[in-house]
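**Q** Here's a structure for you.
The values are calculated or read from the model by the stated rules, or taken from the named source; none is laboratory data. All values reported here derive from a predicted model rather than from experimental measurement. With ideal geometry, Cβ positions are generated from the backbone for all residues, glycine too; neighbour counts draw on all protein chains shown. These accessible areas exclude ligands, DNA and RNA; they are computed on the full protein's heavy atoms, side chains included. Shrake-Rupley method; radii C 1.70, N 1.55, O 1.52, S 1.80 Å.
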Amino acid sequence: MAYETLIVEIEDEVALIRLNRPEALNALNSKLLGELAEALTAADANDAVRCIVLTGSEKAFAAGADIKEMSEKGFVDMFGEDFFTPETEAMLRVRKPIIAAVAGYALGGGCELAMICDFIICADNAKFGQPEINLGVVAGIGGTQRLTRFVGKSKSMDMHLTGRFMDAAEAERSGLVSRVVPVAKLVPEALSAARKIAEKSALTVKVVKECVNRSYETTLREGLLFERRVFHALFATEDQKEGMTAFLEKRQPQFRDR
Ligand code: HXC
């Protein structure tokens, strides 16, 4: 499938999706987000894909929602089209893991898009920010909620109220990203993490994603119960038998995703 604003490659069971609007630092317009929702949904449905990596360029993951496209809109337009909600909801329905590989700017909607992914690996030149306040608006696809859960209230308030950027070291220190690597190693590192995930049972991988995401949606007590029941349920799978037998037989497991 050919896209106008994305480059998609599938190799070794990993889909690499690259945002490709270099003239606008990968600013998120409706075309790009529509294509991205479509590409992610297609990768989720494709049996040849077990993990997804989403990246941009070395200069920008994405510099935010496209300000040119948004600037003339009014409330009725934004509310009427439920601006970017169908696209982000489609991304949240993806059950395979999505790793964000962020180099350069991840600002506004770009930072929010990275946080919609399951985890973030960033390059040492990454800059995260929620500068919407400088445009007289607020984050619109989860920034005030997700960044606060990632880095805590104080730092989130600071970022949203001052519009300042966070560099890679601060992002790692604050728990926003899982790893920082030199920019030239970013995509290889993310692909290597994705391939590692692709070796696991696809069934167990989906369960892990559901369990961790559950911790955002519910109380600790309910989350613990959910995890415990799912843990029990996995003992009904062939992959649990294979994983534990392989360990005892001192060999690599051969998972069959069932
Ligand atoms: C549209 C953008 C853009 C954006 C950059 N460009 N960001 N176009 N929307 N968000 C365009 C510029 O207009 C310029 O086009 C080209 O990309 C290169 O950008 P420069 O500004 O010349 O580059 P540089 O000087 O290196 O500065 C980089 C930058 C700056 C610091 C990232 O571009 C910047 O501040 N961008 C805006 C960041 C921002 O405010 N993001 C939040 C958006 S609101 P031309 O044609 O002039 O060469 C948002 C809300 C989310 O995201 C809510 C979702 C629903």
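**Q** Sorting SER178, SER201 by accessible area (1.4 Å probe), largest first, what list results?
**A** SER178, SER201
**Q** Which value, in debye to the nearest 20, describes the size of the charge dipole of region 6-198 about its Cα centre when Lys and Arg Cβ atoms bear +1, Asp and Glu Cβ atoms bear -1, and nothing else is charged?
**A** Computed charge dipole of region 6-198: roughly 640 debye.
**Q** Next question. Determine, from the Cβ-Cβ distance of ASN134 and ARG195 and an R0 of 51 Å, the FRET efficiency 1/(1 + (r/R0)^6), rounded to the nearest 0.05.
**A** Result of the calculation: an efficiency of 0.80.
**Q** Which value, in Å² rounded to 10, gives the accessible area of PHE235 with a 1.4 Å probe and all protein chains present?
**A** 90
**Q** When only C-alpha pairs under 8 Å and at least 6 residues apart count, what is the relative contact order of region 6-198, in percent?
**A** Once normalised by length, the contact order is 22 percent.
**Q** While we're here: When Lys and Arg each count +1 and Asp and Glu each count -1, what net charge do the other residues less than 15 Å away from PRO188, Cβ to Cβ, add up to?
**A** -1
**Q** Can I ask one more? Going from most exposed to least, what order do TYR105, TYR3 have by accessible area with a 1.4 Å probe?
**A** Listed by decreasing accessible area, they come as TYR105, TYR3.
**Q** For the chain, what is Rg from Cα atoms divided by 2.2 N^0.38 Å, rounded to two decimals?
**A** Ratio of Cα Rg to 2.2 N^0.38 Å: 1.05.
**Q** Another question, if that's okay. Find how much the distance from LYS241 to THR219 grows on full extension, using 0.36 nm per residue of separation minus their present alpha carbon separation; answer in nm with one decimal.
**A** Answer, rounded to one decimal: 4.8 nm.
**Q** Taking the DSSP beta bridges in the chain as the whole, what percent of them are antiparallel, to the nearest 5? Before the final figure, lay out each step's value.
**A** Working: 9 of 31 bridges.
That works out to approximately 30 percent antiparallel.
**Q** Ignoring ligands, DNA and RNA, please state the percent of accessible area on region 6-198 from carbon and sulfur, probe 1.4 Å.
**A** So the carbon and sulfur contribution to the accessible surface is 54 percent.
**Q** Quick one: check the C-alpha center-to-center distance for region 235-258 versus region 73-107, whole angstrom.
**A** Spelled out, the Cα-based centre of one part sits 37 Å from the other.
**Q** How much solvent-accessible surface does ASP82 expose, in Å² to the nearest 10, with a 1.4 Å probe and all protein chains in place?
**A** 80
**Q** Further question: Looking only at GluC sites (Glu not before Pro) in DSSP loops with at most 16 other Cβ atoms within 10 Å, what is the longest site-free stretch of the chain?
**A** 73-198
**Q** When the dipole is taken about the Cα centre of region 145-258, and only Lys, Arg (+1) and Asp, Glu (-1) are charged at their Cβ, what size is it in debye, to the nearest 20?
**A** On the way: 22 positive and 15 negative charges, 14 e Å.
It works out to roughly 60 debye.
**Q** Would you compute, from DSSP H runs of 4+ residues alone, the mean residue ellipticity of the chain at 222 nm, taking -39500 (n - 2.57) per run and dividing by the full residue count, rounded to the nearest 500?
**A** Computed mean residue ellipticity for the chain: -14000 deg cm²/dmol.
**Q** Over region 137-234, what is the relative contact order in percent, taking alpha-carbon pairs closer than 8 angstrom and at least six residues apart?
**A** Details: 32 pairs, mean separation 14.3, N = 98.
Once divided by the residue count of region 137-234, the mean separation gives 15 percent.
**Q** What do you reckon, how do VAL53, VAL205 stack up by accessible area (1.4 Å probe), largest on top?
**A** VAL205, VAL53
**Q** Here's another thing I want to ask about it. If the reach is capped at under 17 angstrom between alpha carbons, list the aspartates and glutamates near LYS206, excluding any in the same chain fewer than eight residues apart.
**A** GLU13, ASP44, ASP47, ASP118, GLU217, GLU227, GLU238, ASP239, ASP257
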